[in-house]
Structures are given as C-alpha cells and as structure tokens.
Amino acid sequence: MSRSASESDSAKPRRSRVRLWVALAAAAVLLAAGGIAWRVFFLRSVSSLAGVVSPSVAHAALEGDPSASRAVANVYLERGDIPSAGRWFAAAAASGAPPALCSYGIFRWFFSTKADDVNDAVKTLADSTAAGNAHAPATLALAYLTGVGTDRDIARAKELFQTAASRGDSSAAGSLAALSGPLNEEEALTYLALAAARDKPARAMTALGIAFSVGDGVAKDPRKSVACLKRAAEMGDAEGQYELSQALAATSPRESAGWLRKAATQGWVGAEEQLGKECLEVGDWGGARNWYSLAAEQGSIEAAYRYGTVLSRDDPEKGMDWVVKAAKAGHPEAQWSMGCYCRERGEIDGARAWFALAGEQGHEEALEALAGMPAAGEGMADARARLEMALSVSEDARRIEGKAKVEDALAAGGIALPGGVRLPMVPIRAGTFYAQDPAGGDDKGRWVTLTRNFYIAKTEITQDQWHAVMGTRLSDFAPPPADSDKLRGEGDEYPMFYVSWADAAAFCEKLNAMGAAPEWYLFRLPTEAEWEYACRAGTTGPYAGDLDEMAWYDERWKDGSPHPVAAKRANAWGLNDMHGTVYEWCQDWYGEIAGFASVTNPVGAKTGTHRVARGGSWNLTAPYCRSGARFQYLPAASDDALGFRVVLIERHPSR
C-alpha cells in the first residue's frame, strides 16, 4: 500500500520507528550521492562566499551549475539545515541532470512529510535506478523494505540491494548480507542505519554483533551476535575478528585462535596483547616479545609494561625503559615495580613517590610498602609534585606533549603554517595490507606490515600551503601561456605541481626547520608502502571506491588541467585525491619488487636513478590511476601532473 492519510493509527508508531532508523542513514546516503568535499554556504552573493570557496566555485553554484548546487545542498544537509538543503537540491534538479534528479529524489524520500512528494520521489528513484545510477537502488530498496512510498516487498528490497552492490555501493553489499541473515526486519534496518551512517558495512556489522552480545538496543542473542561478527570478520574488519575470537573461545578454540591471529596481523591491539599473554603462558618468550612490542608501539600501556618485563630478560636497560614508560603513563603495576627498584637502590624519595602513585590507584602492596617506609621530611603531595616535575622534562613526557600538540593542531583545522594557512592531516593507524596489482597484469602479491602510526596530509600540498612555507608561486616554476596571464590550474586551492622530487623534499625540510612539527615529530614524503596503505584504506580492489566519484582523470583530450583539491569524494579514511589529479612523489628510490615474501616497513631500493610516484593524474586513463600502479621519474623531473603530499611521523630514539 502506498503511504497515504488512510494509514491506521496502530501502524503509525511502528512506521515512526522505522523512519527514525532510516533518518539516521539519510545524511550519509545523500552525501555519498553528491560528494561531500565541497565546503560552501547557501548565500546570495560571491562576496559572502569569499574565504570559504574559490570564486569559480561560488559562481558555479550561484549560476545554476547542478554539481555545485548539489554540493551546497550536501553541506547544508551535513549541518542539519534541511530547508536550505531542500532548496539547493531542487535548484540542482531543475537542470534535469540525472544525478541531480536522483539526489533530489533521495532527499524527498527521507525528509518530505507529504505523501504525494514521497510517492513521487519513489518514482524518481525507480527511473534513476533504471538509468543505471549507482546510488538510487539502495534508497529505493529502503522504500520497499519499509513500505514508505510504495508497497512493502522484502524480496524486491533484496534485489535492489544486490543491484546497488553490483554498482559499487559498499554499504549495500553489507545491507544485503544483513537481510539474508538471521535478523528480523527491525534489526536489519538498525544495521542499515549503522552501515549507511558510517559508510563502512563491516564496521557496522561488528557493532551490531556487539549489540547482540550485550543487549544494547536489541534483544541479547549470542547466536545472532556470532553470526554478525562472523560476517564482519569475513569482510576483513579487525575488531570483528577479535570479538569473534572471544565469542568462540569456549566452543571452538581452534577457530577462535585463527580469528585472533588474523585480528593481530591487522594490528588490533587487544589481539596482539592476548597473543603476547598466551605466548608468555607457554614459555614462548620470543613470541611474547614480538606481540607485546607491536601493541606497545601503538600506545598500549599494559603492553608497554609486559614488553618491558619480557625484554628485561635479554636487555635489562631497554626493558627498564619500557617499564618506566608504562609507569609514567599510569600503569599501577609498573609504578609498583619502579618503587621497588628505587627502594633497592636506596632512592627512598623516588620509591615513596612511585608507591604513592600506585597506591592512589588501589595497589595494595604499594600501600603496604608506603606505610612501612620511615617517615620523610616531606609529605606525599610534595613527593608527587617533585616526581611530576621530573617527568615533565623527561624524553617520554616531551614525546607525549608533542603528540598532544599534533592532535590539538588537527582539531583546530590542521598544522599551523605562516600566514594563518593550515595543513589538514589524517591519522593513519599501523596495520597490514595486501599489495597486489592484478588489474595491471601483475598477479604477484605480498603482505606488507607497517608497525608505526603516522599522519598523512588530507590532500596534495596546495599552492596556498606551498607559498606559505616556500614563499614562491606556481608562476615561478612555469610561465603562463602567451594568451593568458596565468596557468591553467593556478590558484590557492589547487594542488602544487611543476615540482620535482628535490622540490618536494625541500618543502619537508623547510617545514621541519620552521618548527611546524612539534618536538619528536618530523615531516617527510611518504614511503611507497605508506602511500599505498593510505590509498587503499582497507580495500583490496584496483581502486579505493568508485573512481568517477573519487578522482579527476582521463582529461587529456578535454583541454584539462589539475582541479581544486577535495572536489571529489574522499576514501574510507578521509583522504582526498589519492587517485588521479596529480602524481604524488614518494620517498623511495624506484626498484623492481621481487618475490612474494611478506615485508615489514619497506623503504624501497637502497639507491637508484629514479624516484617513485603514485596515484596517476588528471591526464591519464583509469588503469593508470590504480591503487597499486607504480611509476618512476628522474628526481629532477617536473610537469603539470606532478605534485606531492607529506606525512608526519614520530621520531624514534635509537633504542
């Protein structure tokens, strides 16, 4: 039955709940349909848009360009201004462009309160689906699933989710799995909301599995929990693999162990800690040291303490370093150990201070030791203050302070550069990925593990950022054509190009020299492995998503040029323009990759004549923009398709 004023009162509460769940997914679906990277406001003049978008983007939106209008609508939708979003979606749809019509249909289905509008939106979505649009089928499936705007038809909903999945909609693939599994319709709809809102179906399935495990929002059901976690684990979600291993520990220990190791291989700290503990229990000191070290490097205080105690067997000095690190970070057992160490050395004040810290966390042995110590000339508060003063000037304290400064800067919009310019960066967690490029005719592959977290620029370095650091402009590298006073692709929000590898390296050196990086951190170009790991963002195919939505490419014959950064959809980790736009220089010398052996923290050839570039560019066809595609250039090379982005890494002392 189509939605109308004749709905029974008893159906309305259930329909309201369904619409509530669907509303949670609305913003993500619409943002995926229109692209979220443009940042503009719905204002009536170009001058009002100054400082927010470039004049060219402002003119495009205000002069009726449907893509720009959809971008404005998406920003309003993201900010919760539904009326303004609706006006811009309607303006885009007035052009008659199929993508704009689809976006307007999705918007009306989610937000319109009029039955006729919703029914008409369903018709628009059906037309868009028939025309091959990638985003319409998933929303049309929700209409059939809920019976809002059309007759309820679960089988039809499954067919549409299948269509959406085949067109590259990642959340639709997970939604189809949910509908095919042991979930009722309301539970499946809960999952759909999670999947769409995060655009990460595997993570959403993990969340649903945990919800069934503890009874959060759904009835507690261990069987359904395991079913959901198994799907998430099979889709490659590390947390899902870890949670599944815990759920199966009592009933299927062999399968549990397999999933635990897979989660640890992907860098899940809880799994690394558990494997370290299991190795320790059977006397495998080497295995314990390996797993605890990986977890400790990712910031686990518990792992830092355990790693220190294990390492002390072979290297007491380095082992003590890690115990001290855990103690300073607040681990009570490590603080107790440090108290004992100081007491044995006759350092009574230090022992008293460490025991006091552990005692404040309820460590009984520390409290007993503190009570049994001779009275001191100063109170516990004084001892604690003196210890904290000592910690404030220690290496580890400065390193922790440096990380806090990085996080504060990113929260404020990015690393501060001269002239009020910011360099937005995205944190990337250590992990493992499978490097393979079958689309390029290379069936060889290998597992690559990166053991250290890092930050990478959200976009290629822009001309504005380059000028803030280096003081030069694009026109200093290449003269404009005879018929124009500027180069195509010239502007503050465009990527910096015509830069050689040496130019890019000099930019990093200047950043470090001017103090843009906090103490214990430095800027450099990404290694080839870091670049590909960040580009893939957990994906395994040729591209990190729908290439048309994510990249500028294949514009050689369109009188093209580089485009403004972040004008296309970001990958799953929030990085823009990893495919296409301009090639990106990497730190490595170019060398052939031989063999299938797994590697850890690879840094390329030891020497060579060419440097690596990745990502493809605006003037190349799609195959050259693959995640795994590799290119080599002389370090002095530069042209209108060569740029770069930077990474920020922690300096590690030579332990």
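The values are calculated or read from the model by the stated rules, or taken from the named source; none is laboratory data. Fair warning: this is a prediction, and the values are worked out from it, not measured in the lab. Every residue, glycine among them, receives a Cβ derived from its backbone with ideal geometry; neighbour counts consider all protein chains shown. The protein model used for the area step is the full one, side chains on, heavy atoms only, and it has no ligands, DNA or RNA in it. Shrake-Rupley method; radii C 1.70, N 1.55, O 1.52, S 1.80 Å.
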- Roughly how many percent of the accessible protein surface of the stretch 491-586 is carbon and sulfur, given a 1.4 Å probe and a whole-percent answer? 51 percent
- About the Cα centre of the stretch 200-335, what is the dipole size in debye to 20, counting +1 per Lys and Arg Cβ and -1 per Asp and Glu Cβ, all else neutral? 460 debye
- Query: Restricting attention to the stretch 346-375, which GluC sites (Glu not before Pro) occupy a DSSP loop and are surrounded by at most 10 other Cβ atoms within 10 Å?
  - Reply: none
- Query: Going from most exposed to least, what order do Arg289, Arg422 have by accessible area with a 1.4 Å probe?
  - Reply: Arg422, Arg289
- Can you tell me the FRET efficiency between Arg473 and Glu234 if r is taken as the Cβ-Cβ distance and R0 is 56 Å, rounded to the nearest 0.05? 0.65
- Message: For a quick check of understanding: with a 1.4 angstrom probe and all protein chains in place, what accessible area in square angstrom does Leu642 have, to the nearest ten?
- Response: 0 Å²
- Filter on Lys458/Lys486; Lys123/Lys158; Lys262/Lys403 - keep pairs with C-alpha separation over 21 Å: Lys458/Lys486; Lys262/Lys403
- Rounded, prolate or oblate: which fits the stretch 269-346, taking a ≥ b ≥ c as square roots of the Cα gyration tensor eigenvalues, rounded meaning a/c under 1.5, else prolate when a/b beats b/c? prolate
- Mind ranking Trp285, Trp552, Trp531 by accessible surface for me, highest first, 1.4 Å probe? Trp285, Trp552, Trp531
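So between Arg223 and Arg261, what do we pick up on full extension, going 0.36 nm a residue minus the alpha carbon distance? Each step should come with its number before you reach the end.
Values: separation 38, 0.36 × 38 = 13.68 nm, distance 2.25 nm.
Gain on extension, Arg223 to Arg261, equals 11.4 nm.
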- Message: Using a 7 Å offset from the Cα along the Cα-to-Cβ direction at both Asp315 and Val599, what is the distance between the two label points in nm, to one decimal?
- Response: 2.4 nm
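Which net charge results for the neighbourhood of Gly308, defined as the other residues with beta-carbon distances under 9 angstrom from its beta-carbon, given Lys and Arg at +1 and Asp and Glu at -1?
After counting each charged neighbour, the total is +2.
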- To the nearest 10 square angstrom, what accessible area does Asp464 show with a 1.4 Å probe? 50 Å²
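Starting from the Cα-Cα distance between Asn290 and Glu347, subtract it from 0.36 nm times their residue separation and give me the gain in nm to one decimal.
On the way: separation 57, 0.36 × 57 = 20.52 nm, distance 3.28 nm.
Computed gain between Asn290 and Glu347 is 17.2 nm.
Taking only protein heavy atoms and a 1.4 Å probe, what accessible area per residue, in Å², does the stretch 262-379 have with all protein chains in place?
With all protein chains present, the stretch 262-379 gives 47 Å² per residue.
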- Message: Tell me the net charge near Thr251. Cut-off is 14 Å between Cβ atoms, Thr251 excluded, with +1 for each Lys or Arg and -1 for each Asp or Glu.
- Response: +2
- Packing-ranked peptide list from 620-628, 301-309, highest mean Cβ count within 10 angstrom first, is 301-309, 620-628
- Item | Simple label model, 7 Å out from Cα along Cβ direction - Ala130 to Ser112, nm | 1.8 nm
- Using mean Cβ contacts within 10 Å as the protection proxy, how do 82-90, 320-328 order, highest first? 320-328, 82-90
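Which order do Trp354, Trp447, Trp573 take when ranked by solvent-accessible area (1.4 Å probe, heavy atoms of all protein chains), largest first?
Working: Trp354 15, Trp447 125, Trp573 75 Å².
Largest to smallest exposure gives the sequence Trp447, Trp573, Trp354.
Give, in nm to one decimal, the length gained when the segment between Tyr434 and Glu278 is fully stretched (0.36 nm per residue of separation minus the Cα-Cα distance).
Stretched fully, the Tyr434-Glu278 segment lengthens by 53.5 nm.
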